[in-house]
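Scroll down for the structure; my scribbles are underneath it.
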Amino acid sequence: MTDVRGKVAFITGGASGIGLGIARALSAAGATVVLADVEAAALERARHSITTGSVMTVAVDVTDRDALAAARDRVLDALGAVHLLFNNAGVNVPGSFTDIDYADWDWVLGVNLGGVVNGVMTFLPELIRHGAAAHVVNTASVGGLVGMYGLGIYNTSKFAVVGLSESLRADMHAHGVGVSVLCPGVVATALGSSERNRPAALGGRPAAAGTPAPAAMPGSSPDDVGRQVLDAVLGNRFFICTHAEFRDIVAARNEALTAAFDGGGDPVQVDAMRRLVLPF
């Protein structure tokens, strides 16, 4: 894809943070953006913060497959197409493995991984319909490239998103659909207050009426990340790594991984594996 003008972009987690930064970049470049988010009030604030282009909002929980399919149909009825899919919704429960419980696992994996699975499966036929005029961006994290203290659930979900995206890239090659995985570092988002959206069934406590919008944690600008994502889509780049300060950390892990292989490998098996992996 070399131009997003006239394209329709569906962005989960689009009411704030990275999702809103992506929406602003796309809108400024001429795309129609659909902000999808579980927070209805935040969607209204986000809609008014975008001053260029056409904006549609959809309140939806990405863990609810039927609701996501209904949101897709609503968008298709209103706009006629979806060309760009950004599976960006994400939450976090920090803590050591000794401090977290099954409800924490179910919630974070349900949103961070299940939400990406649901987005891909819900929109894939529509994206394939457009072929080379379509692109998917799945939001992972630098935490999907290297494990960290106290982020076991988050790391698990984001490593899975990276693997899902690599496989999706291989599968979509024949259809011409572009695929990218976003692996940012620390961004000024409200990820640190994810609990505000946690369902009661998974241990959440409803926020009191009139609770103000959550403050963003320190980090780089979501708008800067949004512009980097747009550039990567236009350049058809798979990995979108926005924070260079993590380069050496990830490189050290990759070097340790490469060094752990023993011997030269059976040439027959090497050839077989190469046929399963789309080269970078």
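The values are calculated or read from the model by the stated rules, or taken from the named source; none is laboratory data. As the structure is a computational prediction, the values presented were derived from the model and not from experiment. Heads up, the Cβs are rebuilt from the backbone with ideal geometry, glycines too, and the neighbour counts pull from every protein chain shown. Heavy atoms of the whole protein, side chains included, go into the accessibility calculation; ligands, DNA and RNA do not. Shrake-Rupley method; radii C 1.70, N 1.55, O 1.52, S 1.80 Å.
Observations on the model:
- Using the rule -39500 (n - 2.57) for each DSSP H run of four or more residues, divided by the residues of the chain, the 222 nm mean residue ellipticity is -14000 deg cm²/dmol.
- Pairwise FRET efficiency - R74 versus E44, Cβ, R0 = 25 Å, nearest 0.05: 0.90
- Charge dipole magnitude, Cβ of K and R +1, D and E -1 - the stretch 128-272, Cα centre, debye nearest 20: 660 debye
- Peptides ranked, highest mean first, by Cβ atoms within 10 Å: ranges 188-194, 64-70, 98-104: 188-194, 64-70, 98-104
- Toward the positive end of the charge dipole of the chain, with +1 on the Cβ of Lys and Arg and -1 on the Cβ of Asp and Glu, the farthest Cα among A78, T122, T98 is that of A78.
- D by Stokes-Einstein for the chain, Kirkwood Rh over Cα pairs, 10 °C, 1.306 mPa s: 82 µm²/s.
- Net charge, V34 excluded, C-beta distance under 10 Å - Lys, Arg +1, Asp, Glu -1: +2
- Candidate residues H135, H83, H48: accessible-area rank, largest first, probe 1.4 Å: H48, H83, H135
- Ranked by the mean number of other Cβ atoms within 10 Å of their residues, highest first, the peptides 225-237, 259-271, 50-62 come out as 225-237, 50-62, 259-271.
- Cα shape, the stretch 236-280, gyration tensor, a/c 1.5 rule: oblate
- Rg/Rg_globular for the stretch 138-183, with Rg_globular taken as 2.2 N^0.38 Å and Rg from C-alpha atoms: 1.25
- Between the amide H of V187 and those of S220, distances stay under 5 Å, these residues lying 5 or more places away or on another chain, with hydrogens modeled in the peptide plane.
- Its Cα centre serving as origin, the stretch 218-278 has a Cβ charge dipole (Lys and Arg +1, Asp and Glu -1) of approximately 200 debye.
- Stokes-Einstein D (µm²/s) once Rh is taken as the Kirkwood radius of the stretch 49-189 over alpha-carbon pairs, at 37 °C in 0.692 mPa s: 204 µm²/s
- Positive-end extreme of charge dipole, the chain - chosen from S194, L145, V34 (charges on Cβ): V34
- Accessible area per residue in Å² at 1.4 Å probe, computed on the chain: 49 Å²
- Simple point charges give the picture: +1 on the Cβ of Lys and Arg, -1 on the Cβ of Asp and Glu, and for the chain a dipole about the Cα centre of about 640 debye.
- Peptides 247-254, 33-40, 142-149 ordered by average Cβ neighbours within 10 Å, highest first: 33-40, 142-149, 247-254
- Potential lengthening of the chain between R5 and A103 amounts to 31.1 nm, from the contour at 0.36 nm per residue minus the alpha-carbon distance.
- Among the protein heavy atoms of the stretch 36-191, carbon and sulfur supply 56% of the accessible surface, probe 1.4 Å, non-protein parts ignored.
- For the stretch 19-46 versus the stretch 139-211, the gap between their alpha-carbon centres in whole angstrom: 18 Å
- Multiplying the residue separation of S221 and E195 by 0.36 nm and subtracting their alpha-carbon distance yields 7.2 nm.
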